[in-house]
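Let me begin by presenting the structure, written as structure tokens, before commenting on it.
The values are calculated or read from the model by the stated rules, or taken from the named source; none is laboratory data. Just so it is clear, the structure is predicted and the values come from calculations on it, not from any experiment. Cβ: placed from backbone, ideal geometry, glycine included. Neighbour counts: every protein chain shown. We work out accessible area using only protein heavy atoms, side chains counted, and drop any ligands, DNA or RNA first. Shrake-Rupley method; radii C 1.70, N 1.55, O 1.52, S 1.80 Å.
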Protein chains: 2
Amino acid sequence: MDGGKDGTRGDVPGTRKRDPEAVRADIMAVAEAEFAKNGLSGGRIDEIAAKTRTSKRMIYYYFGDKNGLYRAVLEEAYRKVRLEEAELHLDDLEPIEALRQLAAFTFEHHRRSESFIRMVMIENIHSGAFLSQSTSIGDVNRPAIGRVAALLDRGKKAGVFRHEITPLTLHWLISAISYFNVSNRHTFGLIFGDALWTETEQVRLGSECAEIVLRYVLTTDALGDLHPSCADA
Amino acid sequence: MDGGKDGTRGDVPGTRKRDPEAVRADIMAVAEAEFAKNGLSGGRIDEIAAKTRTSKRMIYYYFGDKNGLYRAVLEEAYRKVRLEEAELHLDDLEPIEALRQLAAFTFEHHRRSESFIRMVMIENIHSGAFLSQSTSIGDVNRPAIGRVAALLDRGKKAGVFRHEITPLTLHWLISAISYFNVSNRHTFGLIFGDALWTETEQVRLGSECAEIVLRYVLTTDALGDLHPSCADA
DNA sequence: TAGCAAATGAACGAATTCGTACAAACCGGT
DNA sequence: ACCGGTTTGTACGAATTCGTTCATTTGCTA
């Protein structure tokens, strides 16, 4: 809709009372909280407007309609999360330690990104109807698989990772554990108790996540080196 | 205001008889589809009524209100699923094989219970607010953990399972993999492609699920017996 | 300073949608 | 056959809630 932006406008710091970008960001932050909490159908535009510094009129001015706002929030949530993930530098570490870090980091990161997880939950309820309209989402997420693939290759060449493991399946596994731990905390906790969701248990589960992944990926030999054979505890 | 009498209907015995249970079941089946597809806020009572053999009036007669219907559907979904799971007989198998079956079965079972998974997704969006009102839900699900605990004990006594593994964490792991495979199929597929969701790949993932669990639970020794040391493929 | 276009605010309209009032039909026992 | 309570159908009311209309304010330029 809006054509190019001309940088000559409002560059003087502090003088611009109008700040469309800040308003947009404000709306999206409020909207993310609302949608993450109540879903797309459950989220109320009036509620979002009330919690915003601006008014409902602006939501429609900037985002067109409710779905447009939801889409913008969804895409932004993915962008933020993947940017944070990209800060992990695995190339400096040897494969085994790098994999351990990747698993533990992903687990911890998901744990701290509850509203992102909830947006993904909601989008899956909608069968990905809105994500499928996004053109950028592939580019945003592809690097994640690339990093896993590079790491896997290094480990295989070093003879410590099993050749059967594929990047996609490995990513799938790490995601599953890290995601489920957040997405299903409520129902799981209600049925089996909240024992797993104390702070100390969560930290332990982060280690267990890495442990599960390592035991799955490592060759029998490499695993033997890591965990000397002792059947008892 | 159509006063006339219609004695022409209901001649066949059993067709037009009163059958409250069948009506209830009919409503709940339709409601499960509707809620699983569109969520609680997104689900429409009128839509459910239209697809039912009976009318909207009956929904309120039997279930009180929309939330009551949702609760009934949710509880019933859990009941059905757990009943099916209980049909697995693990006691006849040796621990390792039993664990493999448990993992593979759970994976396959979740895969075939999409609407149940979606109900759980929706309930987690609501932070378990409705499940927490259910009194029976604990009793329905507790046996699941009991079976896992018994199996773990047997394996530990036989010296093939690691002592560090707890029933809750093991159940958590198997659930995570099996659940995520269904719940996130759409977003994961849109981002990374549908390669994992062909029939053959899904069957393979079922085996991988068991493999992941076994490698996590088995002692180094037991694992070595199962997978003779060979670093290459 | 005046004027113009973009940005904003408040009130409103229209369409859904939940839930109910009322009335009619039905079944089983007496 | 009649009568009681139970089961069902229709129409409607009330409350939400999305999105818009219209007027106003604001920043920038001539």
Counting only residues that are open to solvent by 30 Å² or more (accessible area, probe 1.4 Å) and either more than 20 Å from B:Asn38 (Cβ to Cβ) or within 16 Å of DNA strand D (Cβ to nearest atom) (or both), how many does the range B:74-94 have? 13
Just name the residue that is least open to solvent (accessible area, probe 1.4 Å) out of those in the range A:158-196 that are outside any helix (DSSP H, G or I) and within 7 Å of chain B (Cβ to nearest Cβ). A:Asn184
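Filter the range A:56-73 down to the residues that are open to solvent by 40 Å² or more (accessible area, probe 1.4 Å) and within 11 Å of DNA strand D (Cβ to nearest atom) and list them by number. Before you say what the answer is, go through the steps one by one.
Kept after step one, since they are open to solvent by 40 Å² or more (accessible area, probe 1.4 Å), are these residues of the range A:56-73: A:56-58, A:60-62, A:64-67, A:71.
If the condition is that a residue be open to solvent by 40 Å² or more (accessible area, probe 1.4 Å) and within 11 Å of DNA strand D (Cβ to nearest atom), then A:Lys56, A:Arg57, A:Met58, A:Tyr60, A:Tyr61, A:Gly64, A:Asp65, A:Lys66, A:Asn67 are the ones that fit.
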Given the conditions (1) assigned to a helix (DSSP H, G or I); (2) open to solvent by 50 Å² or more (accessible area, probe 1.4 Å); (3) within 15 Å of DNA strand C (Cβ to nearest atom), every one holds for B:Arg53 apart from (1)
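Which residues, counting only those in the range B:197-218, are among the hydroxyl-bearing types (Ser, Thr, Tyr) and open to solvent by 50 Å² or more (accessible area, probe 1.4 Å)?
Initially, the range B:197-218 is screened for residues among the hydroxyl-bearing types (Ser, Thr, Tyr), giving B:198, B:200, B:207, B:216.
Answer for the range B:197-218, where residues must be among the hydroxyl-bearing types (Ser, Thr, Tyr) and open to solvent by 50 Å² or more (accessible area, probe 1.4 Å): B:Thr198, B:Thr200, B:Ser207.
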Set B:Asp225, B:Asp221: member being more than 9 Å from chain A (Cβ to nearest Cβ) and open to solvent by 50 Å² or more (accessible area, probe 1.4 Å): B:Asp225
Within the range B:96-133, track down each residue that is touching a strand residue (DSSP E or B) at 6+ places or on another chain (Cβ under 9 Å) and open to solvent by 20 Å² or more (accessible area, probe 1.4 Å). B:Ile96
